[in-house]
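Report on the following structure.
FYI, it's all coordinate maths here, none of it is from the lab. Please read these numbers as outputs of a predicted model, since none were measured by experiment. With ideal geometry, Cβ positions are generated from the backbone for all residues, glycine too; neighbour counts draw on all protein chains shown.
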Amino acid sequence: MNMLLRTIRMAFIALTRNIMRSALTTLGIIIGVAAVIAMVGIGQGSKKAVAQTIQSMGANNLLIQPGTASSGGVSFGSGSIMTLTPADADAIARECGSSVASVAPIVRARTQVVYGNKNWVPLYIYGTTPSFLDVREWDLAEGRAFTDQEVNAGAEVCMIGQTLVRELFGRQSPIDMVIRVNNKPMKIIGTLTRKGANMMGVDQDDILIAPWRTIKFKVAGTSAQTANQSAATTSSTTTSSSSIPFPSQQPSAYPTPSATEQTDNPPALLPASIDQILVRVATEEQIPGTMRQITSILHERHRIRAGQPDDFNIRDMTEISKAMGSTSELMGTLLLYVAFISLVVGGVGIMNIMLVSVTERTREIGLRMAVGARARDILYQFLVEAILLCFLGGLVGILMGIGSTWAVWLFKGWATEISVPAILASVIVSVVVGVAFGFYPAWKASRLDPIEALRYE
């Protein structure tokens, strides 16, 4: 131990003879270690941000959409034929058992929302059921959610997101206020907590949620007769049809209601079509089995025989989130490799400077050997100097890496996270680099002949 302490002290003395050269020598290690810590911090922060975004979108979600209509070999895209009904959602919730946590039918609309002299067009106007909040794992900030009785009655009530609260009401509480949605008065009974943007950067808080019957028959302007005709078309279509169905050509399964029923009081048992069904699976492991079970249920309900194409699509939202997470992890790994390359470059610089140092101190080496120093003592001396250079550079690099991580968070607003394993790994790597690239100069110094070294000019 005493010998090691003396060797370290002599290494310090040797390095401080030319402080500027020693500082420039360690610059490569400093940059490399700082880059490793910063890249790992940014990478872990981005993974955490992606995980939070996935959580905000609702974990373990399945999205069921209607089928695709086509005409003359031309496909019109998903949802061009309405094949889903609220009864399908009820059947999934009833028959899938414990594997399905919640099911919510969704009817979409796009229109203006007006309050006083202010107006706004939300990104999302959803007609759904109270279970939508369970599927999306979305809490209320204020007020209450609408009930199943209000859904069945087509009540003119709604909940709004924080973006609508800000744009229409400012700091005023919107509870019990009446807004107009496509010129239909709707009472705000609740506000949703903030979720922020999704993985595509779309504002999830720009949303209005109301009972699906209200949106379907009062806001979207679908009459009871049109809905009945659409239902008849849906029941007669069991595949991604070869032609687009026209409601006017389909017979109505129900008597034509009065104008009042068409707009304000839709029949309670009206088999209207819906745009989507959102399903939250209990656990991620149950997703494949639940998808097969839902497919079997819809095949039976839509009378789809074996060999016929489906008239619906099921999308696993967790696969999309995994793909986004894998992309983020890949980019972080590539940046980490670049940072390690800079560590290697720094090690080459240390080897170069140590070789120069051996050449400059040849007479000193010869003198030490002449007074009794052994070859291994010379080896230890130069090896400790190289390790000390890398270790000091690693410490400075750790401080710079932590500072860079905080600076990115402070000035860029990116999600970052300081990684303790990355810091420990950086210290270990810096020492290993010192040993690896300092051994050859130290070995060369230990192999010098004392007589030739003393004669060296």
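Strictly over 27 Å apart at the Cα level, which of K48/K118; K48/K187; K118/K412; K118/K187 would you flag in this model?
Table pairs above 27 Å Cα-Cα are K48/K118; K48/K187; K118/K412.
Dimensions of segment 276-424 along principal axes (Cα, Å, largest first)?
99, 38, 23
According to a simple spin-label model (label point 7 Å from Cα along Cα-to-Cβ), what is the distance in nm between D139 and V371?
The answer from the label model is 7.3 nm.
Where does each of 299-306, 437-444 land if you order them by average Cβ count within 10 Å, highest first?
Going from most to least packed, we get 437-444, 299-306.
Over what distance in Å are the Cα centres of segment 166-193 and segment 378-457 separated?
A separation of 62 Å, based on Cα centres.
May I ask you to list the residues of segment 380-397 whose amide nitrogen lies under 14 Å from a point 7 Å from Cα along the Cα→beta-carbon direction of E360?
386
Once both labels are modelled 7 Å past Cα along the beta-carbon direction, what's the L63-M3 spacing in nm?
Between L63 and M3, the label points sit 7.0 nm apart.
Would you mind getting me the FRET efficiency between V432 and R180? Use the beta-carbon distance for r and R0 = 60 Å, nearest 0.05.
0.30
When N is the residue count of segment 111-217, what does its C-alpha Rg come to as a fraction of 2.2 N^0.38 Å?
Its radius of gyration relative to the 2.2 N^0.38 Å reference: 0.98.
At what distance in nm do the modelled label points of A23 and N352 sit from each other, each positioned 7 Å from its Cα along Cα→Cβ?
1.9 nm
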